[in-house]
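J.: Below is the structure I would like to discuss, written out as structure tokens.
Here, each number is a calculation from the coordinates, and none is a lab measurement. If you're wondering where the values come from, they're calculated on a predicted model, not measured in any experiment. So basically every Cβ, Gly included, is an ideal-geometry build from the backbone, and we count neighbours across all protein chains shown.
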Amino acid sequence: MQASILAWAVPAVFLAFGIGFAVLGRFDRSLHGWSLCFSLVAIGFASTILPAAEHAFLKPVFESMVFLLALGGANLALAARMGRRPRLGAIAGIIVVTGILSGLAMGPIGSATLDILVVQTGCALLMLLAATCMGPRAERRIDRVLFWLCVMVAASLGLQNVLLMALPQDVPLTSLNWRDSQWAFVFQLSGAISGVAMAFAVLLAIGLDLIEHHRRSSDLDALTLALNRRGFERRVTELRRGASSDVTSALIVADLDFFKQINDRYGHEAGDAVICGFAALMGEMAKPQGCVCRFGGEEFALFQRNMRLGEARDLANRIRKALCQVQWPFDLQDRQITASFGVVALERDESLWDAVSRADKLLYIAKSHGRNRVEADKIAPTLAVAAGPVRRAA
């Protein structure tokens, strides 16, 4: 029979996914949760193969609870992926109520049809609840795919319930004849398709997450975790692309004063502490539409979208004053660390590195006029390019 063809194939496929997720869990611990979910589904489908005694209700209820717990676990995994708190009360409520109704359907009432309707309704509600963790407008495309997949699974379960109620049945479904009915084949097939689709979607999501993690790691400075040159250029391009033509952007280039003396006198460990502290300070001062970069050594840059030149100058001054007030640990506690700044507003069609060259020139002016100061000016880009690279004072 058709149901027999899928009988052991379906739990075997889900068990394979469960084992696969457990193995991959060595690289991402969140996959252990998915491993448990798919393993539970495998147990549930395997249990349906075993014959049930007449009027037995514990076995069907056990199978129902296994499927419900698996989907409850999927809710927890998807909520964790989105960084949200799972709705434990709603999950537990659906599982408990569905389990009780399943027991009543197979016990006092003795209707397998009612049991199927109840359990599939509970599973559909759990899938819809999982979908609410993501939403159709999730930031990442793969999360939108997971959202619609959850919705489609819930819709499929609802459609099956409608068909089960609408189509006539020659013989009422019971725990004895359920396995050999056409509905067993339909539900196993739809469950297998939905489960495999979800498994591949989760695998794809984890793979894309790892790729994104490595990409972001390659864009970060290893010491400060600020952006490096490549990451800075990429992020600034994204921010400028998302801005309208009338939005002004600003660039602040900063350089720690007398940094070589800090390394020579207090050691490179102290120098690294100053660099990390200054990077953290600039990151705290940057607004959501901004980013911070460490160009190398003691040189940093801060790009800010939707900021005018005067606002950027004020921001640079706040950073400068805050740096002077930092109480450094160890031998640096009695030394005031300062920095010099060059500030420019980016022209509409000006490249980032032309703006950096202009800010560099202003930074050199700040260095040559005593350091621990901010120089801001809107110099024409053509003049900055003509001036060539700037040699910075220590």
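J.: Grab the other residues whose beta carbon is less than 14 angstrom from that of Asp331, score K and R as +1, D and E as -1, and report the net.
T.: On the way: positive: Arg265, Arg335; negative: Asp264, Glu269, Asp272, Asp334.
In short, -2.
J.: Assuming R0 = 51 Å, what is the FRET efficiency of Thr338 and Ala22, from their Cβ-Cβ distance, to the nearest 0.05?
T.: On the way: r = 54 Å, r/R0 = 1.07.
That pair, Thr338 with Ala22, gives E of 0.40.
J.: A further question follows. If I model a spin label as a point 7 Å beyond the Cα along the Cα-Cβ vector, how far apart are those points for Glu284 and Ser30 in nm?
T.: 2.9
J.: Where a ≥ b ≥ c are the square roots of the eigenvalues of the C-alpha gyration tensor, would you call segment 214-339 rounded, which needs a/c under 1.5, or, failing that, prolate if a/b is larger than b/c, or oblate?
T.: oblate
J.: Would you please state which residues of segment 187-230 a label at Met152 would reach in this model, taking the label point 7 Å out along Cα→Cβ and a backbone N cut-off of under 12 Å?
T.: 193-201, by backbone N distance to the label point.
J.: To continue, here is another question. Where Rh is the Kirkwood radius over the Cα pairs of the chain, the temperature 4 °C and the viscosity 1.567 mPa s, what D in µm²/s does Stokes-Einstein return? If you can, show how the numbers build up before the last one.
T.: Working: Rh = 25.5 Å.
It comes out at roughly 51 µm²/s.
J.: How far apart, in nm, are two points set 7 Å out from the Cα along the Cα-to-Cβ line at Val247 and at Met165?
T.: Calculated label separation equals 4.9 nm.
J.: Could you give the dipole magnitude of segment 229-387 about its Cα centre, charging the beta-carbon of Lys and Arg +1 and that of Asp and Glu -1, in debye to the nearest 20? If you can, show how the numbers build up before the last one.
T.: Numbers: 24 positive and 22 negative charges, 59 e Å.
It comes to approximately 280 debye.
J.: Nearest 500 deg cm²/dmol is fine: what mean residue ellipticity at 222 nm does the chain get from its DSSP H runs of n ≥ 4 alone, each adding -39,500 (n - 2.57), divided by its residue count?
T.: Details: 14 runs with 244 residues, N = 394.
Taking each H run of at least 4 residues, the total per residue is -21000 deg cm²/dmol.
J.: Pull out the extension gain between Phe200 and Arg348, defined as 0.36 nm times the separation in residues minus the alpha carbon to alpha carbon distance; nm, one decimal.
T.: On the way: separation 148, 0.36 × 148 = 53.28 nm, distance 4.40 nm.
Net length gain for the segment: 48.9 nm.
J.: Pull out the extension gain between Asp377 and Arg215, defined as 0.36 nm times the separation in residues minus the alpha carbon to alpha carbon distance; nm, one decimal.
T.: Values: separation 162, 0.36 × 162 = 58.32 nm, distance 3.51 nm.
Using 0.36 nm per residue and subtracting the Cα-Cα distance, I get 54.8 nm.
J.: What number, in percent, do you get for the relative contact order of segment 229-387 if the mean sequence gap of Cα pairs under 8 Å and at least 6 apart is divided by its residue count?
T.: Details: 265 pairs, mean separation 44.4, N = 159.
Worked out over segment 229-387, it gives 28 percent.
J.: Something else about it: What order do you get for Phe62, Phe21 when you list them from fewest to most C-beta neighbours inside 10 Å?
T.: Values: Phe62 14, Phe21 24.
With the fewest neighbours first, Phe62, Phe21 line up as Phe62, Phe21.
J.: Ok, one more. Points 7 angstrom from Cα along the Cβ direction at Ile193 and His268: gap in nanometres?
T.: About 6.1 nm separates the two model spin labels.
J.: Relative contact order, percent, of the chain when contacts are C-alpha pairs under 8 Å separated by at least 6 residues? Provide the component values of the computation, followed by the final result.
T.: Values: 574 pairs, mean separation 46.0, N = 394.
Computed over the chain, the figure is 12 percent.
J.: Give the residue list of trypsin sites (Lys or Arg not before Pro) in segment 11-98 that are DSSP loop and have at most 12 other beta-carbon atoms within 10 angstrom.
T.: Numbers: sites: Arg26, Arg29, Arg81, Arg84, Arg87; in loops: Arg26, Arg29, Arg84, Arg87.
Passing both the DSSP loop test and the Cβ count: Arg26, Arg29, Arg84.
J.: Just for the chain, what percent of DSSP beta bridges are antiparallel, to the closest 5? Spell out each step's value before the answer.
T.: Working: 21 of 25 bridges.
Here the share of antiparallel DSSP bridges comes out near 85 percent.
J.: OK, next. As an exercise, identify the trypsin sites (Lys or Arg not before Pro) in segment 92-165 lying in DSSP coil whose Cβ has no more than 11 other Cβ atoms within 10 Å. Spell out each step's value before the answer.
T.: Values: sites: Arg137, Arg140, Arg141, Arg144; in loops: Arg137, Arg140.
Those satisfying the criteria are Arg137.
J.: Could you point to the residue in Ala154, Ile116, Gly83 farthest towards the positive end of segment 2-218's charge dipole, with +1 and -1 charges on the Cβ of Lys/Arg and Asp/Glu respectively?
T.: Comparing the listed Cα positions along the dipole, Gly83 ranks first.
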